[in-house]
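Contents: one structure, followed by commentary.
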Amino acid sequence: MSKAQHTLSRITELDRLGDPRLFKEFAYCGGAWQAASSGDVIAVTNPADGAWIGNIPSLSPAESRAAIDAAHQAFAGWSARLPQERTAILQKWHRLISEAQEDLALIMTLEQGKPISECRGEIDYGLSFIEFFAEEAKRTDIMGVTSHLHNAELEVWLEPVGVAALITPWNFPNAMITRKAAAALAVGCPVIVHPSKETPFSALALAELAERAGFPAGVFNVITGEPAEIVGEWTKDTRVRALSFTGSTEIGRLLYTQCAPTIKRLSLELGGHAPFVVFADADMDKAVEEAIKAKFATSGQDCLGANRFYIEQPVYEEFCQKFAERTAALTLGRGLDDPDIGPLMNERAVAKQIEHTEDAMSQGAALLTGGRIHRLGPLYFEPTVLKDVPETAKIMREETFGPVAALTPFTTEEEVIRRANDTEYGLMAYVHTKDPYRIYRLSRALEFGMVGVNRTKVTGAPIPFGGMKQSGLGREGSRHGIEAFANIKYICRDWA
Ligand code: NAD
């Protein structure tokens, strides 16, 4: 936090914005753009080269509470709107975001670092939730229940819970907001969004477009600052009735505790540690291609990212060789140049790649490719493949969240199921085999919220996204996505 303004000149890539008004250096609260009354700001830099992009206000706890006031005031009006009216505004927001896609992708690649084509893809993904929940708004039906009581008429209603706090990470700065916000807004909840301070400009651009789409003041708010201060106000306030968080399991656990005194509706999308299992009967070339996607999308910084690769013994050497060759051919570069892999988010992320690589090698793993910081700069880590990684290595136990792959052989189906499930995480698992009975068995046996069989791309607005065990609570997307923001009310009317 600093009052000092940067003396550096702003990066020139921002001049490419077709609509410069999408780049906002203010928080958005109660329908107004807001600086911190203290003048405190947080500088945001481009991970590609450390260049300064701009500043965001570092709002105080009192200013954070003001967002609850604004959203709470807006609740009655927003929830009383006809669903068709909420749909119309969500659809207009969708159209404006579509029209601004290139600008939004530019802002995203500058602050997040990922390849520009992945940024465009994320905006499409983000849009799909707005489209889906704009329709769902009209389908939160009242249900009649066949009565088990004499002279009674029974109904079940879905009602919006109230103010919803949405806390989102830096790896998907657009879609993690729309996946939560579209569901909450559709059902009638105003939202207070706290984006990661590393990627706030994507969120603020969404706020600018939300304002243009006609959301009433206080319905969509984006509050920037230090997370513990901002979110700490939200977790303790009884007016915040739901909290939806995407981020690390560590912070998820903290928020769970903080929300306990006020018993908030909680939805947690937390870390993953996906196993990628390849049986000897799999289509090997396809398995290698899907493994590349599962490991290196979002430069490896993806909660669905495969961390541990279990390969059946007869095809182990072949998989290792082909996967390492494909990995070595991946290109690194600035997101704007659209390489395969961009820079990592920060020094902490790079330090983790080094730690996991060195730890595995010290325990006997062999390095097939990569393993070092790339000459492009301190945040670029070479895509790395480690072979013969023992179960005791950190990379087999913890989320690496970067471009390092750990490969290990297995011999039986029972063994690989046990090893894959031996983790506190349970978000995503990948399996490659042609045996249909084995597909059924693994689909049942794997303790993960999502299982991809012979493919990597599995997500989208119609599916329930979420994890088991310490990967989270609740589901986002699909009709279940509404549940995080709705109360079920039961009415029993005597008609005699
Ligand atoms: P993080 O937990 O550090 O931060 C996530 C968000 O929490 C950010 O907005 C941050 O500002 C906020 N935050 C940080 N400290 C806080 C505090 N003390 N109180 C309140 N809020 C706080 O995670 P990250 O490093 O930004 O993101 C990477 C993690 O997110 C990985 O573990 C990844 O697996 C997970 N993730 C999960 C999903 C999913 O859907 N399951 C999707 C994307 C990322």
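Some values worked out for this structure:
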| read-out | value |
| --- | --- |
| Among residues of the stretch 144-195, those that are on the phi > 0 side of the Ramachandran plot and open to solvent by less than 10 Å² (accessible area, probe 1.4 Å), counted | 2 |
| Extreme residue, most open to solvent (accessible area, probe 1.4 Å), among residues of the stretch 382-402 that are of a type in the set (S, T, N, Q) and away from the ligand (no atom under 15 Å from the Cβ) | T392 |
| Members of the stretch 274-302 that are farther than 20 Å from Y437 by Cα, buried (at least 24 other Cβ atoms within 10 Å of the Cβ) and away from the ligand (no atom under 16 Å from the Cβ) | A291 |
| Selected residue (criterion: most open to solvent (accessible area, probe 1.4 Å)) from residues of the stretch 303-343 that are touching a Pro at 6+ places or on another chain (Cβ under 6 Å) and in a helix (DSSP H, G or I) | Q313 |
| Among (1) closer than 19 Å to L14 by Cα; (2) buried (at least 18 other Cβ atoms within 10 Å of the Cβ), the one test that Q101 misses | (2) |
| Selection status of V156, closer than 16 Å to A486 by Cβ and in contact with a His (Cβ under 6 Å, 6 or more places away or on another chain) | no |
| Any pair with Cβ under 9 angstrom, 6 or more apart, that starts in the stretch 141-153 at a residue that is in contact (Cβ under 8 Å) with a residue 60 or more places away in the chain and ends at one that is small (G, A, S) and open to solvent by less than 90 Å² (accessible area, probe 1.4 Å) | E153/G144; E153/S147 |
| Among the candidates K489, K457, residue that is of a type in the set (K, R) and farther than 30 Å from I373 by Cα | K489 |
| Matching residues, the stretch 201-215, being open to solvent by 10 Å² or more (accessible area, probe 1.4 Å), in a helix (DSSP H, G or I) and out of contact with any Leu (no Cβ under 7 Å at 6 or more places or on another chain) | E211 |
| Criterion violated by A35 - all others in (1) farther than 16 Å from A67 by Cβ; (2) open to solvent by 50 Å² or more (accessible area, probe 1.4 Å); (3) modelled with pLDDT of 95 or more satisfied | (1) |
| Unmet criterion (only one of (1) over 26 Å from Y310 (Cα atoms); (2) touching a Cys at 6+ places or on another chain (Cβ under 8 Å)) for Y256 | (2) |
| Condition broken by I68, with the remaining ones in (1) touching an Asp or Glu at 6+ places or on another chain (Cβ under 6 Å); (2) closer than 30 Å to S299 by Cα satisfied | (2) |
| Residue in the stretch 478-485 that is open to solvent by 60 Å² or more (accessible area, probe 1.4 Å), among the hydrophobic types (A, V, I, L, M, F, W, C) and farther than 30 Å from F309 by Cβ present | no |
| The listed residue being farther than 21 Å from P464 by Cα and open to solvent by less than 10 Å² (accessible area, probe 1.4 Å), out of G225, G232, G252, G271 | G225 |
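So that you can scan it fast, the table gives a plain yes or no per residue for (1) within 11 Å of the ligand (Cβ to nearest atom); (2) in contact (Cβ under 8 Å) with a residue 24 or more places away in the chain; (3) part of a strand (DSSP E or B):
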site	(1), (2), (3)
A217	no, yes, no
N221	no, yes, yes
T224	yes, yes, no
A228	yes, no, no
V231	yes, yes, no
T238	no, yes, no
R241	no, yes, yes
F245	yes, yes, yes
E250	yes, no, no
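Let's see how each residue does on (1) open to solvent by 70 Å² or more (accessible area, probe 1.4 Å); (2) out of contact with any Lys or Arg (no Cβ under 8 Å at 6 or more places or on another chain); (3) not in a strand (DSSP E or B):
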{"residue": "A405", "(1), (2), (3)": "no, no, no"}
{"residue": "P409", "(1), (2), (3)": "no, yes, no"}
{"residue": "T423", "(1), (2), (3)": "no, no, yes"}
{"residue": "R441", "(1), (2), (3)": "yes, yes, yes"}
{"residue": "R455", "(1), (2), (3)": "yes, yes, yes"}
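The values are calculated or read from the model by the stated rules, or taken from the named source; none is laboratory data. Quick caveat, the model's predicted, so the values are computed rather than measured. Note that each Cβ is placed from the backbone with ideal geometry, even for glycine, and that neighbours are counted across all protein chains shown. Remember, those area values only see protein heavy atoms, side chains included, never the ligands or the DNA or RNA. Shrake-Rupley method; radii C 1.70, N 1.55, O 1.52, S 1.80 Å.
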